[in-house]
Structure formats: C-alpha cells, structure tokens
Amino acid sequence: MKKVALCHIKKSYDQKTTVLNDISVTIEPGEFFVLVGPSGCGKSTMLRMIAGLEPITSGELRLDGELANDWSPSARDLSMVFQNYALLPHLTVEKNITFGLHTKKRSKREQEKQCLEVCEMLGLSAYRHKKPRELSGGQRQRVALARAIVTQAPLCLMDEPLSNLDAKLRAKMRSEIRQLQRKLGLTMIYVTHDQTEAMTMADRMMILHNGDVQQIGRPLDVYNEP
Ligand code: ADP
Ligand code: ADP
C-alpha cells in the first residue's frame, strides 16, 4: 500500500527560475504511473523530491495521507532505480543487492534468503559472485532492479532505467518491469523521455512541458485527445 499525493508542488533551484510550477496529482496504490516529457522538463527533479533527495519549494507531498515533505529518504519506505544503475564496482552482485538492507534490521540469513529469491526472479542466480564490470548492460540493469525489489518497499521510483540499453533489450525489460510491478503490487513512478515506453507501460501518464502539466490520463486517452 502506498498512495502518493502531490498537492500544488512547486520547485525552484534559485529565485529566478521555476523548474516545476504547481503540480497536483494523486497516484493510487499499485498504479504504474509514468512521467514523460523532453529532457530538462523537470522529471528527475520531481522524482528526487518524492524520494526526499531534493527539498520541495512549496506545496505538499503526502504518502498514504501523511504530510511527508520533511521526512528523511529512509523514512519514506521507497526504493529507487537510477539511469546509470549506481552499482558499487568493488562489491559482488550479491553485496550490491543487499547493501541497503542493514538499515532494515534483517538478519544476515534473512538477507541472503531474500537476495536468492530476487536473483532467481531476475535470472541473476549464476552471477551472484561476479562484479558489475563482468556483467552485460542488461544484467547490470537487473541488479539495480533486484536491489530495489529486495527492500520490499511498496513504492518504487525509476529514473530512465532503460535508456542505456539497446532497443531490443529495452523492449524485453519493459515487459519484465511491468510484470514484476504487477506481481509485487508496487506503486510505481517511472520517468522516461520515450513516448513508446510511456504508452506501453503506463496505467496513467503525465506529460510535463516546461514545468507544467500538459496532459494527464490513460495512454489512449492522452493520445486520442485533439
Ligand atoms: P534525459 O533526462 O532526457 O535522459 P539526461 O540529462 O539524462 O536527459 O541526458 C542528456 C543526454 O546525455 C542524453 O542524450 C543521454 O543519452 C546522455 N547521457 C545521460 N547520461 C549519460 C551517461 N552516463 N553517459 C553518457 N551519456 C549520457
Ligand atoms: P529532466 O529529468 O526532465 O531531464 P531535470 O529535472 O533533470 O529534467 O531538470 C529540470 C531543470 O532543472 C533543468 O533546467 C535543469 O538544468 C535544472 N536542474 C536540475 N538539477 C539542478 C540543480 N541541482 N541545480 C540547478 N538546476 C538544476
């Protein structure tokens, strides 16, 4: 269960320029919500504010109804997948996946068991003891996914997670991510500049343009509007 409500959110990095201008939307538990728009329109900024990595200039962020503007990132019970995967090069796949779990107060045995499960789920079992540099792009991306999923956080944020993959792998990973999200019942907020990705993955999508919401709705409704 994780409902995310943005209420009149504004963001400026300095006094002169507004990056996001009065964004309001409620993302329902279990929804796959896609933020789409051209480079520089403020997608990453929005995601980082939800994650608590960037302060909100004004407006309210509510998580399951509670005002969360000032919550620390770890208090928000969410996971995040970045474009560059952000893997630790000196750690094995297994250690990369379980790296964040010490804050979750889970025993070592429990961590190992959960790591095995997600590796199984993502076809990484044979690579558990390898280092990131020994993996292909697609495998690295799966490690980043595994690290998010193993936290069991009900909300997952993804920032252009597929943009470093070739077209064929991208298409395959789209459906894998979608299946995983359904299976685990995650609330997903997914950022992309790729309209096909948005169309094929989203329950609902929001098109951002120069910091304003241009359109919001189900993919077919958005694209059939005159
Ligand atoms: P967007 O949010 O639209 O993806 P970015 O600011 O992330 O825009 O990227 C701008 C450009 O830089 C894109 O063309 C992207 O392919 C390229 N780029 C982003 N990250 C990297 C990277 N780690 N290495 C090389 N090129 C990158
Ligand atoms: P997107 O993810 O859609 O490519 P971003 O959220 O990364 O867009 O960026 C939106 C705007 O905010 C851009 O004009 C970018 O230059 C600016 N911006 C992003 N991060 C910072 C920052 N840390 N400091 C100042 N300006 C920033």
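Using a simple charge model, +1 on the beta-carbon of Lys and Arg, -1 on the beta-carbon of Asp and Glu, nothing else, what dipole does the chain show about its Cα centre, in debye to the nearest 20?
Values: 32 positive and 26 negative charges, 209 e Å.
My answer is approximately 1000 debye.
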Cα→Cβ-extended label distance, 7 Å offset, between R218 and E117, nm: 3.3 nm
Under a plain spin-label model, where a point goes 7 Å from the Cα along Cα-to-Cβ, how far apart in nm are H209 and D77? 3.8 nm
Using only Cα atoms, what Kirkwood radius does segment 164-213 have, in angstroms? 12.1 Å
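Among the helices of the chain (complete DSSP H runs), which have Cα atoms covering no less than 24 Å along the helix axis and a Kyte-Doolittle mean of at least -1.0?
Values: long enough: 167-184 (26 Å, -1.09).
Long hydrophobic helices here: none detected.
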Taking r as the C-beta separation of Q15 and E60 and R0 as 25 Å, the FRET efficiency to the nearest 0.05 is 0.70
With Cβ to Cβ distances under 10 Å as the rule, what net charge do the other residues near E94 carry (K, R +1; D, E -1)? +2
Selection from H90, N210, L6 lying farthest towards where the dipole of the chain points positive, charges on Cβ: H90
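Could you compute the FRET efficiency for Q179 and E110, with r as their C-beta to C-beta distance and R0 at 22 Å, rounded to 0.05? Display every interim value, and only then the final one.
Working: r = 25 Å, r/R0 = 1.14.
So, using R0 = 22 Å, E works out to roughly 0.30.
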Can you list the residues, at least 5 places off or on another chain, whose amide H is less than 5 Å from the amide H of A68, using H built in the peptide plane? L61, R62, L63
Mean-square fluctuation maximum in Gaussian network of the chain, Cα pairs under 10 Å, restricted to A153, A171, A198, hits A171
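Considering only Cα-Cα distances, which of the following residue pairs are longer than 19 Å: K10/K43; K95/K130; K2/K113; K2/K183; K11/K43? Walk me through the numbers before you get to the answer.
Values: K10/K43 13 Å; K95/K130 10 Å; K2/K113 25 Å; K2/K183 15 Å; K11/K43 11 Å.
Beyond 19 Å: K2/K113.
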Computed P(r) (all Cα pairs; the chain; 5 Å bins; percent): 1, 7, 15, 18, 20, 16, 12, 7, 4, 1, 0, 0
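At 0.36 nm per residue, minus the direct Cα-Cα distance, what do M1 and D70 gain on full extension? Give it in nm, one decimal, please.
Values: separation 69, 0.36 × 69 = 24.84 nm, distance 2.05 nm.
Fully extending the segment from M1 to D70 adds 22.8 nm.
We did not get these values from a lab; they are worked out from the coordinates using the rules stated. Computed from a prediction, not measured in an experiment: that's the story for all the values here. Every residue, glycine among them, receives a Cβ derived from its backbone with ideal geometry; neighbour counts consider all protein chains shown.
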